[in-house]
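Any read-out appearing in this document is the output of simple, stated calculations on the displayed coordinates, not a laboratory observation. None of the values given here were measured: they were computed from a predicted structure. Here the Cβ positions follow ideal geometry from the backbone for every residue, glycine too, while neighbour counts run over all protein chains shown.
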Amino acid sequence: MSSSMLTTNGILDLIESEGIKSGRHVKQPTLQITNIRRVPANALTDVYWAILSDGTNSIEVVISTHLSHLVQSGQLEEYTVVKVKTYQYNVTDDNIHIVSISEVEICEDANPEEQIGKPVSILDTLHKKDSVKNDGDHYFNLDEDDEWEYDTEDKEEPLTWSEGDEPSNFCDWTIEVQRIVHEQESDTALKNQGKGNSKYNNKHGGGKRGKENNSSKNEEPCTNSNEKCYHVHKAILSVGPRRSDYFATLFKQSHLSEFATNTSHIQLEPSAADSFPALLDYIYTEKMIKFSAKNATALRHLAHY
């Protein structure tokens, strides 16, 4: 499929400068949707994200909620070609690039049934070239034939998450994971804890008390003091191919109470709480998660985060 129907460097037009672009005097690139997905925002609203491509470069964008009906009716779908007429580009303090589109014109004459070209993420390219030791050149002023010299000395350790009281370098968010312990499980744990001292159990009737509690039919969940704190980086959790959709959406809503302390509070079943570090390893590194009969259900639950 020829890329001539798409605007050359159209993705660069979207991120040329920050702010809202609208009207006939602004660039209105013609681009192709190569992927589209739904991200639940709340009980009443769904937000759709899409990847737009000019055949060479691509970028992920937020589709304005008043355009959601076009997605739901099938007018905006994978491989649809559109002219982007109104859009907004911003970069957050955490260097998160956000592009939202609020007005499009569907190109009815162009109806490709496949992806045009082999686009690569413009932000990945931007980040790689920004990491080069060459302060005099800016990404948008580089020629394709320019050779880059990478700094191989004084390599810094990659950013990583940490657990406990001491955050690792540049962590800017904390996740407090609290295990949900049911009453029956709590009583069983207390009973097991007292097995080491039979005299104490006999004196205070520990065995009888445990039997009575274990026979209870009610298993009301109660919070346990067993909390673990994980120190993380918002940019890593919300950007990239292994980002968390949950946190990517959360970090765009700075009016929420979590931002007062830069802390999220999550209650998880014990198996999911135990598997939470594996989820962070998956997001931060290229490690693959090892599934087993013990953690499969927990990891499937954590996939929603």
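With r defined as the distance between the Cβ atoms of Asn226 and His66 and R0 fixed at 51 Å, what FRET efficiency is calculated, to the nearest 0.05? Intermediate values should be presented prior to the final figure.
Working: r = 45 Å, r/R0 = 0.88.
E between Asn226 and His66, to the nearest 0.05, is 0.70.
Just grab the label-to-label distance for Ser73 and Glu258, each label 7 Å out from Cα along the Cβ direction, in nm (one decimal).
Placing both labels 7 Å along Cα→Cβ, they lie 3.4 nm apart.
Can you give the net charge of the other residues whose Cβ lies under 11 Å from the Cβ of Gln72, counting K and R as +1 and D and E as -1?
Values: positive: Arg38; negative: Asp46, Glu77.
Residues close to Gln72 contribute a combined charge of -1.
Assuming R0 = 41 Å, what is the FRET efficiency of Glu16 and Glu114, from their Cβ-Cβ distance, to the nearest 0.05? Before the final figure, lay out each step's value.
On the way: r = 28 Å, r/R0 = 0.69.
So the FRET efficiency works out to roughly 0.90.
Can you bin every Cα-Cα distance in segment 69-116 into 10 Å intervals starting at zero and give me the percent of pairs per bin, rounded to whole numbers?
22, 42, 27, 9, 0
Show me 28-34, 167-173 ranked by packing, highest mean number of other Cβ atoms within 10 Å first.
Values: 28-34: 22.6, 167-173: 15.9.
Final packing ranking: 28-34, 167-173.
Amide H neighbours of Cys107 under 5 Å, at least 5 residues apart or on other chains, H built in the peptide plane: list them.
Long-range HN contacts for Cys107: Val81, Val82, Lys83.
Please list, in order along segment 270-284, the HN-Hα scalar couplings obtained from phi with the Karplus expression 6.51 cos²θ - 1.76 cosθ + 1.60 (θ = phi - 60°), rounded to whole Hz, x for Gly and Pro.
3J(HN,Hα) across segment 270-284, in whole Hz: x, 5, 6, 5, 5, 8, 4, x, 5, 5, 5, 4, 5, 6, 7.
Which value in nm describes the separation of the simple spin-label points at Arg24 and Thr92, placed 7 Å from the Cα toward the beta carbon?
Inter-label distance under the simple model: 3.8 nm.
Segment 231-245 to segment 14-76: how many Å between their Cα centroids?
Measuring centre to centre over Cα atoms gives 21 Å.
Using a Förster distance of 22 angstrom, determine the FRET efficiency expected from the C-beta separation of His265 and Ser162, and round it to 0.05.
Details: r = 18 Å, r/R0 = 0.82.
That gives a FRET efficiency of 0.75.
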